[in-house]
Amino acid sequence: MYRNVAEELKRLIQNNPIGEIDLKDLLKPRGYAYRIAHELKITKVQVRKIYAEFKGIYESLKRNGWKFDEEILTRLYMLYPIIEYQKNRRVLDKSFADLITALIENIEKFPNKKNIETAEKFFTAIVAYIPTKD
């Protein structure tokens, strides 16, 4: 049994492309993105920098015909120290940080349009599902 939903998904994507997971399971209410946003009690502030960087990488790939060139890979690799820094400062939940690290590794291992599109939709859904404070 997994400690939490982030660990469950992390294990699932460690050896399989995220693009092979049904989008419905990732994005629907009570799906992975929803459960991660609610169960881990993350805030938009905590994920803003990583999400903005990831979204920028996605947009660059989209503009450049989905080519994983040296610039894109460097930007992707730079997410690792950003995540680690935020995790060490306890700004970012460890389970969430480990999941996003696994997501980046998944994109590295399976660098194709479907994987990056699925990852981007999933990350966007997490941000959308994070409850706002009243």
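Bear in mind these aren't lab numbers, they're just calculated from the coordinates by the rules spelled out. None of the values given here were measured: they were computed from a predicted structure. A quick note on method: Cβ atoms are made from the backbone with ideal geometry, for glycine too, and the neighbour counts reach across all protein chains shown.
Tabulated values for the structure
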quantity	calculated
Efficiency of FRET from Cβ geometry, Lys55 and Lys28, R₀ 22 Å, rounded to 0.05	0.55
Whether the stretch 59-132 is rounded, prolate or oblate, judged on the alpha carbon gyration tensor where a/c under 1.5 counts as rounded	oblate
Under the Debye formula (equal points on every Cα, no solvent term), log10 I(q)/I(0) of the stretch 5-129 at q = 0.12, 0.16, 0.19, 0.20 Å⁻¹	-0.39, -0.72, -1.05, -1.17
Theoretical gain in end-to-end length, Glu8 to Lys121 [0.36 nm per residue, Cα-Cα removed]	38.8 nm
Estimated [θ] at 222 nm from DSSP helical runs (n ≥ 4, -39500 (n - 2.57)) normalised by residues in the chain, nearest 500	-22500 deg cm²/dmol
DSSP-loop trypsin sites (Lys or Arg not before Pro) across the stretch 1-36, with at most 13 other Cβ within 10 angstrom	Arg3, Arg30
Linear extension gain, Lys113 paired with Leu73, 0.36 nm per residue minus alpha-carbon span	13.0 nm
Inter-site label distance for Lys94 and Lys62 at 7 Å from Cα along Cβ, in nm	3.5 nm
